[in-house]
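Peer 1: Starting off with a structure, shown below.
Derivation of every value follows stated rules applied to the coordinates shown; laboratory data play no part. Because the structure is predicted, anything quoted here is derived from the model rather than measured. In this analysis, Cβ positions are derived from the backbone assuming ideal geometry, glycine residues included, and neighbour counts consider all displayed protein chains.
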Amino acid sequence: MSAQTNSPPGFIVVWEFQPRTEKCHEFEDAYGSEGLWAQLFRRAEGYVRTELWLDPKTPDRYFTLDFWGSRAGFENFKEKYPAEYKAIDAKCESLMTEEKFLGFCETPEQVRTLLLEHGAQINALPRQIVVRAATVADVGAMLLLEQAATTAAHWPEKTYQDIFDPSAPVRLALVAHRDSGTLVGFIVAQLAGNDCEVENIVVTPSDRRRGIGHRLLRALLDAARAKKAARMFLEVRGSNVAARSFYERAGFAIFGQRSSYYRNPDEDALLYRIEL
């Protein structure tokens with residue numbers, strides 16, 4: 001993501017989409033906060049972020065909100081990248097049954113009014129998500145998030161406390177929280193020489209598919225590079241297709257396998273690596 005401004009974005013572009021049912025996951029990947037469109041927008045001066053919303057009342061009805069610092073920034077983007085815009089538009093055309101431009105807004109209140117006018121059952125705007133280094137004060141909230149996540153590695157509280165113990169193995173820990181302070185996710189990795197191993201990543205179920213996991217992972221990659229790590233590793237259950245896709249989109253590649261690594265049920269682990 002580009003750096004957030006101190007003042008709220010002054011220009012918001014709102015679209016409505018109806019992707020094909022069998023293409024919803026591909027649509028979310030392309031149109032989410034770390035998708036193809038966001039990656040292109042990020043090349044332009046003045047882009048802030050993209051949010052992807054799902055209307056809970058109507059299956060497969062989505063809205064995208066592209067936040068810009070000003071209308072001038074958005075117009076400059078269109079003038080500078082017309083060919084790239086058309087290329088992504090053509091690539092994504094097969095994902096849709098319908099797409100509709102809803103309008104331009106200058107404030108969150110205008111967005112809310114616009115969506116209500118189009119029958120969207122969304123009562124409030126999602127709060128901005130902030131990613132930062134974890135502190136010892138976050139341990140209680142991290143433990144609660146982990147205990148509620150069935151796919152997470154489950155650790156005793158002391159292991160989380162040890163993250164901040166200078167005498168313990170060096171770890172990197174980052175949290176994602178709303179601007180209200182409520183934690184919605186975290187990631188932890190251990191450093192050993194030039195290697196960094198991802199040990200745990202958790203995002204609250206209600207906040208998944210909003211790019212939070214990608215932001216945590218990308219921030220971790222940046223933090224590991226800053227610590228002069230050369231490689232990052234992790235393991236994933238072979239049957240965990242969603243996790244494998246998540247890491248592969250981030251640039252990780254399979255380099256090995258551990259037989260019968262997981263229990264309940266017994267399963268091999270696929271080993272992933274990315275060069276930093």
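Peer 1: Give me the tail of P(r) for the chain as a percent: Cα-Cα pairs with distance above 23 Å.
Peer 2: 59
Peer 1: Given q = 0.11, 0.15, 0.20, 0.21 Å⁻¹, what are the Debye log10 I(q)/I(0) values for region 133-276, with equal point scatterers placed on the Cα positions and solvent ignored?
Peer 2: At q = 0.11, 0.15, 0.20, 0.21 Å⁻¹ the computed log10 ratios are -0.40, -0.77, -1.41, -1.53.
Peer 1: Relative contact order, percent, of the chain when contacts are C-alpha pairs under 8 Å separated by at least 6 residues?
Peer 2: 14
Peer 1: Output the pairs from Lys57/Lys100; Lys57/Lys91; Lys23/Lys91; Lys57/Lys86 with a Cα-Cα distance over 23 Å in this structure; if there are none, say none. Intermediate values should be presented prior to the final figure.
Peer 2: Working: Lys57/Lys100 18 Å; Lys57/Lys91 28 Å; Lys23/Lys91 13 Å; Lys57/Lys86 31 Å.
Going by Cα-Cα distance, Lys57/Lys91; Lys57/Lys86 fall outside the 23 Å limit.
Peer 1: A further question on this structure: Using the Cα atoms of region 223-276 to build a convex hull, what is its mean projected area in square nanometres?
Peer 2: 4.0
Peer 1: If I take the Cα coordinates of region 11-117 and project them onto the principal axes, what are the three extents in Å, biggest first?
Peer 2: Per principal axis, max minus min of the Cα coordinates gives 35, 32, 19 Å.
Peer 1: Okay, moving on. When Phe67, Phe255, Phe164 are ordered from fewest to most other Cβ atoms inside 10 Å of their Cβ, what list results?
Peer 2: Phe255, Phe164, Phe67
Peer 1: Also: Ranking Tyr81, Tyr31 by Cβ neighbours within 10 Å, fewest first, what do you get?
Peer 2: Tyr81, Tyr31
Peer 1: Moving on to the next point. For region 178-244, what relative contact order do you get, as a whole percent, if you take Cα pairs closer than 8 Å and at least 6 residues apart?
Peer 2: It rounds to 32 percent for region 178-244.
Peer 1: What is the distance in Å between the Cα centroid of region 137-153 and that of region 237-270?
Peer 2: 21
Peer 1: Now a separate question. Whole-Hz Karplus ³J(HN,Hα) for region 212-227, in order, using 6.51 cos²θ - 1.76 cosθ + 1.60 and θ = phi - 60°, x for Gly and Pro?
Peer 2: Coupling constants for region 212-227: 5, x, 5, 5, 4, 5, 5, 5, 5, 4, 5, 5, 5, 4, 5, 8 Hz.
Peer 1: How much mean residue ellipticity at 222 nm does the chain get from its helices, if each DSSP H run of length 4 or more adds -39500 (n - 2.57) and you divide by all residues, to the nearest 500 deg cm²/dmol?
Peer 2: It comes out at -8500 deg cm²/dmol, rounded to the nearest 500.
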